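Notes follow once the structure below has been shown.
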Amino acid sequence: MHLHHARYMATMPGRLPTKADFPSSATLTITSPPTSQQPTNVLILLHGLGDTHEAFTKLGTQLNLPDTACIAVRAPKPLPFGLDGFHWGDDMIFDQHTGEMDMDTGFKEATQVVLDKVIKEGLIAKCGYATRNIVLFGFAQGGMVALNVAASLDGELGGVVSIGGGLSLSAPLRPIDKKGRTPVLVCKASSGSKVTDGALKRLKDAFEFVEVKEWKRNGDGMMRNRDEMLPIMQFLARRLRSRRGVPEGSVELT
């Protein structure tokens, strides 16, 4: 009886979050599930370095996931020198050879925003979600933040999809017998990826379930076609709790 009750409670819908559920220090947009469904899950979308949450608000609508509210969060820090866009790092360091900004500069503040403000204070305390019903999706530096959040959490999230982002060198290390139980899917380019072999080893040391998908291309980027999208949709279909399942047509991204 207790087991049955626990399972039933786990699939009970939360309520659709509103901006009032989150502190004003967190800039985000909320997208309702398709039609008039009550959300059972929340998908948190984290953009890449130098972008804003607006592109990921659109992605949440395109994914059209059943029973799932999408929350696109903006990184806490604006880029310097009057450049448009935001970044997730604690510091801003430039590579002296290439002039590129370093993606991995620590994520203490960003992790606090996503884990404490959005997940714990908003989704769990105010909206009644369990961590198991919260999935993170991040691109590049946003993917690193998503993995950092999962590594910093004692419980199990629904999952993390990271595109072109590995586990930060500053991520909390777990003892080998207490690996994180959040399942992870990492999609990376077959050549020129920022997700190095070392980053993949750190991931496998930190999490029990790690799936790596290599896309045949040079350099990391967002998914471009059905083949690249398919493993992501299959992962989400396994991890999102729904009575309907993920609709067939939702693999197509326009």
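Quick look at the numbers
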item	result
Lone qualifier among Asp84, Asp90 - being closer than 18 Å to Met144 by Cα and part of a loop (DSSP other than H, G, I, E, B)	Asp90
Region 93-119, residues that are in contact (Cβ under 8 Å) with a residue 24 or more places away in the chain and part of a loop (DSSP other than H, G, I, E, B)	Met103, Asp104, Gly106, Phe107
Enumeration of residues in region 64-75 that are within 14 Å of Val113 (Cβ to Cβ) and either surrounded by fewer than 21 Cβ atoms within 10 Å (Cβ to Cβ) or of a type in the set (D, E, K, R) (or both)	Arg74
Options Val212, Val186, Val160; residue that is over 20 Å from Phe107 (Cβ atoms) and assigned to a strand (DSSP E or B)	Val212
Residue, farthest from Phe22 (Cα to Cα), within region 98-108, restricted to residues that are out of contact with any Leu (no Cβ under 7 Å at 6 or more places or on another chain) and surrounded by 15 or more Cβ atoms within 10 Å (Cβ to Cβ)	Thr105
Within region 11-31, considering residues that are polar (S, T, N, Q) and at pLDDT 95 or above, the one surrounded by the fewest Cβ atoms within 10 Å (Cβ to Cβ)	Thr18
Every residue from region 40-67 that is of a type outside the set (A, V, I, L, M, F, W, C) and either out of contact with any strand residue (DSSP E or B) (no Cβ under 8 Å at 6 or more places or on another chain) or in a strand (DSSP E or B) (or both)	Asn41, Asp51, Lys58, Gln62, Asn64, Pro66
Qualifying residue in region 26-39 (condition: part of a helix (DSSP H, G or I), polar (S, T, N, Q) and in contact (Cβ under 8 Å) with a residue 24 or more places away in the chain)	no
Candidate set from region 168-179 (those that are more than 21 Å from Phe56 (Cβ to Cβ) and either among the hydroxyl-bearing types (Ser, Thr, Tyr) or buried (at least 17 other Cβ atoms within 10 Å of the Cβ) (or both)); member that is farthest from the chain's Cα centre (by Cα)	Ser170
Number of the condition not met by Phe94 [criteria: (1) in contact with a His (Cβ under 7 Å, 6 or more places away or on another chain); (2) modelled with pLDDT under 95; (3) more than 23 Å from Pro172 (Cα to Cα)]	(1)
Any hit, region 180-188, residues being within 25 Å of His87 (Cα to Cα), touching a Leu at 6+ places or on another chain (Cβ under 8 Å), crowded, with 22+ Cβ neighbours inside 10 Å and not polar (S, T, N, Q)	yes
Filter result for Phe86 (more than 14 Å from the chain's Cα centre (by Cα), crowded, with 17+ Cβ neighbours inside 10 Å and touching a residue at least 60 places away in the same chain (Cβ under 8 Å))	no
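The values are calculated or read from the model by the stated rules, or taken from the named source; none is laboratory data. Predicted model only: the values in this text are computed from it and were never measured. As a convention, Cβ positions derive from the backbone with ideal geometry for all residues, glycine included, and neighbour counts pool all protein chains shown.
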